[in-house]
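*Asks:* Dumping the structure here so I can ask a few things about it.
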Amino acid sequence: MLETIWIAFAFFLGLLVRAIGLPPLIGYLAAGFAISASSGWLDIPAENGPILQYVSHLGVLLLLFSVGLKLRARTLLRPEVLGTGILHFAITCALLAPVLYWTLDITPRTAL
């Protein structure tokens, strides 16, 4: 029963945020943060953890699916998208590889 209240709370916050012109996802996120922040005050039982985890995974999967529906291969192959992705990859590898090498004591090839 408590799960139904959580989902309804997220739904209504999504509708409220949508009414002011923002994406419903912001309302869903706000509901999740509000429920998480007030879990001690609301006396949410510990056995509901797996249910919350399942619902949150389902929400992320639906979000990724809806984002995937809007992607077009043509937009991913544009030079600015590819260039930014490659630049981000190179900077991340250049900054993270030495940190991994020194902290985890692994080979340079493995760190890279």
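*Asks:* Quote the accessible area belonging to residue 20 in square angstrom, nearest 10, computed with a 1.4 Å probe and with ligands, DNA and RNA left uncounted.
*Replies:* 130 Å²
*Asks:* First obtain the Kirkwood hydrodynamic radius of region 1-40 from its Cα pairs, then insert it into the Stokes-Einstein equation at 10 °C and 1.306 mPa s, and state the resulting D in µm² per second as a whole number.
*Replies:* Details: Rh = 10.0 Å.
Here the translational diffusion coefficient equals 158 µm²/s.
*Asks:* Turning to a different aspect of this structure: In the P(r) worked out for the chain, what percent of Cα pairs fall beyond 20 Å?
*Replies:* Values: 3957 of 6216 pairs.
Looking at the chain, the distances longer than 20 Å represent 64 percent of pairs.
*Asks:* Short version: ³J(HN,Hα) in whole Hz for each residue of region 32-41, in order, from phi by Karplus 6.51 cos²θ - 1.76 cosθ + 1.60 (θ = phi - 60°), x for Gly and Pro, what are they?
*Replies:* Coupling constants for region 32-41: x, 5, 5, 5, 5, 5, 9, 5, x, 5 Hz.
*Asks:* For the pair residue 15 and residue 73, how long in nm is the line joining their label points, each one 7 Å along Cα→Cβ?
*Replies:* 4.1 nm
*Asks:* Quick check: from the Cα gyration tensor, does region 51-112 come out rounded (a/c under 1.5), prolate or oblate? All intermediate terms of the calculation are to be shown ahead of the outcome.
*Replies:* Details: a/c = 4.46, a/b = 1.35, b/c = 3.31.
Oblate, because a/c is 1.5 or more while a/b does not exceed b/c.
*Asks:* Compute the distance from the alpha-carbon center of region 29-43 to that of region 55-112, in whole Å.
*Replies:* If you average the Cα positions of each part, the centres end up 30 Å apart.
*Asks:* Here's another thing I want to ask about it. Do any trypsin sites (Lys or Arg not before Pro) in region 60-112 lie in a DSSP loop with no more than 13 other beta carbon atoms within 10 Å, and if so, which? Please list the in-between numbers first.
*Replies:* Values: sites: 70, 72, 74, 109; in loops: 72.
Loop-located and lightly packed - 72.
*Asks:* How far apart, in nm, are two points set 7 Å out from the Cα along the Cα-to-Cβ line at residue 22 and at residue 65?
*Replies:* Modelled inter-label distance: 2.6 nm.
*Asks:* Please report the accessible area of residue 88 (heavy atoms, 1.4 Å probe, ligands and nucleic acids excluded) in Å², nearest 10.
*Replies:* 120 Å²
*Asks:* Which value, in Å², gives the accessible area per residue of the chain when a 1.4 Å probe is used on the protein heavy atoms? It would help to have the intermediate numbers written out before the result.
*Replies:* Details: 9280 Å² over 112 residues.
With all protein chains present, the chain gives 83 Å² per residue.
*Asks:* When the accessible area of the chain is computed with all protein chains present and a 1.4 Å probe, what percentage of it is carbon and sulfur? Each step should come with its number before you reach the end.
*Replies:* Values: 6930 of 9280 Å².
Answer for the chain is 75 percent, counting heavy atoms of protein chains only.
*Asks:* May I pose another question? What is the angle, in °, between the Cα long axis of helix 79-104 and the longest principal axis of the Cα atoms in the chain? Nearest 10 is fine, range 0 to 90.
*Replies:* It is inclined by approximately 80 degrees.
The values are calculated or read from the model by the stated rules, or taken from the named source; none is laboratory data. Please read all numbers here as calculations on a predicted model, not as lab measurements. Note that we place each Cβ from the backbone using ideal geometry, even for glycine, and neighbour counts take in every protein chain shown. For the accessible areas, the whole protein counts, side chains as well, though only heavy atoms, and no ligand, DNA or RNA atoms are used. Shrake-Rupley method; radii C 1.70, N 1.55, O 1.52, S 1.80 Å.
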